[in-house]
Amino acid sequence: MFRNYLKIAFRSLRKSKGFTALNIIGLAAGLGVCLLIVLYVTDELSYDRYNVNADRIYRIDEDVYLNNTRFETATISKFFGPTLVASYPKIQQMVRFRDNGGNQLVRKGNDHILDHHFTFADSTIFKVFTLPMIAGDPNTALNNPHSIVIDESAARRYFNSTDVIGRTLEIGRNNTPLKITGVIRDMPAQSHFHFSFIRPIREAYSFNDPSDNDWLSSNYYTYILAQPGITQAEVQKDVDAVVNLNIGRVLQELVHASVADLEKAGNHFRYPITPLTDVHLHSNKSSELEANSNIQFVYIFSVIAVLILLIACVNFMNLSTARSANRAKEVGIRKVAGSTKGHLILQFLTESILLSLFSLVLALGIAVLLLPMLNQLAGKSLHPDVLFSGRFLPILILLVLLVGCLAGSYPAFYLSSFQPIDVLKGKMAAGFKSSWIRNSLVVFQFFISIGLIVSTLVIYRQLHYIRNKEVGFNRDQVLVIHTWSLGRDGTTNLRKNLLTLAGVTDATVTGDLPTVGGNQYWQPGWFKDASLDARKATFMTTLRVDDHYVPTLGMQIVKGRNFDLAQFPTDSNAILLNEAAVGMLGVKDPLNLIIYNRDDQFKPITYHVVGVVKDFNYNSMHDKIQPLVMEVDRPQSSSMAVRFRTNDVFSLVRQVESKFHAAKQGLPFSYSFMDNDFDQLYHAEQQTGQIFITFAVFAILIACLGLFGLVTYAAEQRTKEIGIRKVLGASVSGIVGLLSRDFTMLVGIAALIAFPAAWWAMYKWLETFAYRTEISWWIFLVAGAVALAIALLTVSIQTIRAALANPVKSLRSE
C-alpha cells in the first residue's frame, strides 16, 4: 500500500512540475533559514559545555547594595576559594584567575610583539576545567614560580612547533624569562574565556602583598568545583556561610553591623554563584572576562525560526489549495472507484512528506551557501559539518516528518473532503471568501510580516540612536595609543613630543577612557565624613585621570574648574564629580565640598571638589549614567588619547608612530581610533540587529510565496467571473482592484493584531537600554504601508495576468 502511495505521489509531482518546483523552493527557503538559526542557537547554548564537569562548576560573583548604590562584579576576594575548599567538603576544588589586563609584550628575536589572552591562575586550573595538554604534566606545570603554559597556536607562532617544553619565553618590558612547562590545545570558540598564556597566580601583581588581606577586595575570578551530586542550592549555602563568617566579621569592624543587619536595613552583601553554563547567556556584570551574549537573543531568534517554519508551512497549504481545482476530479473519481477518505488523506500526506524531503535536501544546500554570511554577521565560525553529523540526523528526520505532516494536513483534509457528485458535475468547493481557515492563514502571514517590519524599524532606529546620541564627550578625531609598555616617564616624554606635531591639539594619559568600560570600587569607598563610617559609604565609578583629560575628550565643566596642577599644586588631592554624583550626594553647592577616602591603614584621605563635569556615558547605554568621580593620578601603565585636527590622518599616524619608536625602539606600536572603540561597545547589538533584519527580510520574502499561491487560488476560483466582467466591459485595473480588495481587508485585520503585539515586544526589548529611542506612531503606519505594498505587488503579478487573459477561453465551456 505504501509503495503505491509513493508511486502515485511521484507521478503527481512529476505531472505538475511548476507547482512542485514552487512548493519545494518555498519550503526549502524556509527550512534553510530555519536550519541557520538552529545552528546559531545551538552554538550559543553550547558555551562551556566542552568541560567534562561543566554541570558542577560555578563562578562566585559579588553583589553589593549600599545607600542606594549597587556594585555587581564577576570578581571577589582571593581568600574565598581556598577557604571554601579547606572548610567545606562539598566543594571539591577551586581555581582563581587574575586577568591583569590580558595583554603582554613577548620578545621574538630583537622585536617585541604585543600578544593577548594572558592570565595568572592556580595550578588547579587543570583539575577544574577540561584543558587537554599536548605536552607537559598538568599536575606540575604551574608549580614553578617562573613557569608558563601556552596554547598550541602560541607555540607555533613563536617556535613553529608544539614540542617546546623547556624552552623560554621572554615576557614584559624587562624581558622576564619564563620556562614553558606545558602546551594545551586551543580553547574552544564556545568558551566564555580564552587564555593563550597561563602563569602561576602567585606571580600576579600584589598576590603576595601582606597588606592585601581585605575580604572586601574584588580582584580575582574564582571558580569552584562541587562534589558529584551536590546541588546549586547546597553550594550557595556553603558560600553564604563563608560570607556570614568572614565578610560579616569585617563588616562588624567597619560598620558595627552583621550581614543580616544590613539586609534588614535594605542593604546587602551577597555573593551569588553562577553555573558555568549560564555565564555566557545570563551574566553581564562588571569585569567579565569577555563580552557575553544575552539569552534574549536566543529566545528572539528561536521565535523567528518557528515563525519562518510556520510561514513556509502556510505557503505549502495555500499553494496546495490553490491547486485544488486541478485535483478535484481526481479526488471524485478515486472516491467513486472506492477510495476512502483515510486513503486519500494518507496519499496527500505522503506527497507532502515527499515534498518536505526534497525541500530538506535543497534546504541543506541553501544553509551551506548562506552559512558564510551568517558567520560574518554573527562573528562566529560555524561549520556546516554539524548539519551532517550523526547527532543532527534524527533532528532532520523529525523535521521532515513534522513539516510534511504540518504543511500537508490542511490540504489533505481539504481535498479529501470533496463530494464526488459535486465534483463530477463541475461544482467546486466553496470559494475564497467563505474559507475562514484560508483567510486566517493569510492574516497569520501578514501578522508575522507586519510584526517583523515594525521590529526591524525599531531595532534600526535604536542602533542609529546609539551611534548618534550625544554622549557627553567628543570621540571624533581622537587617536588612542597603548603606551603602558613605555613606563611612566616614557609616556610623559612621549606626550610632550607629540604636542610638537602640527596636527595634535592635546593629549591625556589615562587607563580610564570612556570607551573601554568603567572601574568601580567598594574598597576604598567614598565617604561624607572623616569617620569613614562604611554605613555612609557610596559607590562611585572612579576614574584616574590627568589634568588634560577633560579638554582632550571635549567634556564640559558645568560648575567650577578643571584640574590645574601647575597653578594649584593642591589639586593632587582634588576631584571632579559628574552631575549624577552631585544629585546622589544631595548637595546644592558641590564646589569645595570635602569627600573622604581611606588608605591601606584605614586612615582618612581628604579630597576637595573643584568642579562638576557634565554627565557623559562612561559605560554602555544599557546602563544609566552612574555617579562618577575623577581624581588626579599618574598611572604606571596606561593609554594615551591624542586629539588631532587634520585631514591627512594617515600621515599623522605615521608621525605619531615615529615619535613612539623614538621613545623606545623594539616596542610594537598599537593604536585605535576612539570612534571605532565606541562602536565596539555596541558590537553585539549591531550584530544582533543585522542578523534580525536579515532573517526578517527572508521571512517576508518567503511569505510572498504564500501570497502568490493564494492569489493563484483566488484567480482560479473566479476565472469565469473575470471573463464575464471583461465581456461586459470591465477594465484591467477594475478587475485587479476587485481581486485585491479582499487582500487589503486581510492586511488591515492583520495590522490591528500585529501592531499591539509588536509594540509590546519592542517595548520590552528597549527596556534593556537605559537610553533609548521612542516607538513613534509613524513606524506602524510605515509597517502597514510596506506590508500592503508587498501584498498588492505580489497580488498584481497574478491578477494582471488573469485580467489580461482571453475571456473566450474561460467561458468556452458555457
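The values are calculated or read from the model by the stated rules, or taken from the named source; none is laboratory data. Given the structure is predicted, the values throughout are model-derived calculations rather than measurements. Cβ coordinates were reconstructed from backbone atoms using ideal geometry, including for glycine residues, and neighbour counts include every protein chain displayed. Calculation scope for accessible area: heavy atoms of the full protein, side chains included, ligands and nucleic acids excluded. Shrake-Rupley method; radii C 1.70, N 1.55, O 1.52, S 1.80 Å.
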Subject >> Unsatisfied cross-links (Cα-Cα over 29 Å) in the set Lys469/Lys559; Lys264/Lys469; Lys536/Lys614; Lys179/Lys664; Lys78/Lys237 >> reply: Lys264/Lys469
Original post:
Where does region 649-698 land on Rg/Rh, using Cα atoms and the Kirkwood Rh?
Top reply: 1.30
Original post:
What does the charge count near Gln190 come to, summing +1 for each Lys or Arg and -1 for each Asp or Glu among other residues with Cβ under 13 Å from its Cβ?
Top reply: -3
Original post:
Given R₀ = 41 Å, FRET efficiency for Asp675-Arg49 by Cβ-Cβ distance, to 0.05?
Top reply: 0.65
Subject >> Three-way shape label, region 121-182, alpha-carbon gyration tensor, a/c 1.5 >> reply: oblate
Subject >> Cα gyration tensor category, rounded, prolate or oblate, for region 8-161 with a/c compared to 1.5 >> reply: prolate
Original post:
Say each of Gln686 and Ala21 gets a label point 7 Å from the Cα, pointing the same way as Cα to Cβ; how far apart are those two points in nm?
Top reply: 4.2 nm
Original post:
Where the Cα atoms of region 232-292 are projected onto their three principal axes, how long is each span, largest first, in whole Å?
Top reply: 38, 25, 18
Original post:
Each residue of region 374-379 in turn: what ³J(HN,Hα) in whole Hz from Karplus with 6.51, -1.76, 1.60 and θ = phi - 60°, glycine and Pro shown as x?
Top reply: 5, 4, 5, 5, 8, x
**OP:** Given the peptides 22-34, 273-285, 240-252, 503-515, arrange them by the average over their residues of other C-beta atoms within 10 Å, most packed first.
**Re:** 22-34, 503-515, 273-285, 240-252
Original post:
Principal axis lengths of region 139-250 from Cα atoms, whole Å, largest first?
Top reply: 51, 38, 23
Original post:
How big, on average over all directions, is the shadow cast by the Cα convex hull of region 555-657, in nm²?
Top reply: 9.9 nm²
Subject >> Enclosed volume per residue, in Å³, of the convex hull spanned by Cα atoms of region 435-509 >> reply: 136 Å³
Original post:
Under 17 Å Cα-Cα from Lys764, which aspartates and glutamates qualify once same-chain neighbours fewer than 8 residues away are excluded?
Top reply: Asp623, Glu685, Glu774
Original post:
Ignoring ligands, DNA and RNA, what accessible area per residue does region 131-241 give at 1.4 Å, in Å²?
Top reply: 44 Å²
Original post:
Among 721-728, 544-551, how do they line up from the highest to the lowest mean number of other beta-carbon atoms within 10 Å?
Top reply: 544-551, 721-728
Original post:
How much net charge surrounds Asp564 when only the other residues with a Cβ under 13 Å from the Cβ of Asp564 are counted, with Lys and Arg +1 and Asp and Glu -1?
Top reply: -2
Original post:
To the nearest 0.05, what FRET efficiency results for Phe159 and Arg202 with a Förster distance of 22 Å applied to their C-beta separation?
Top reply: 0.25
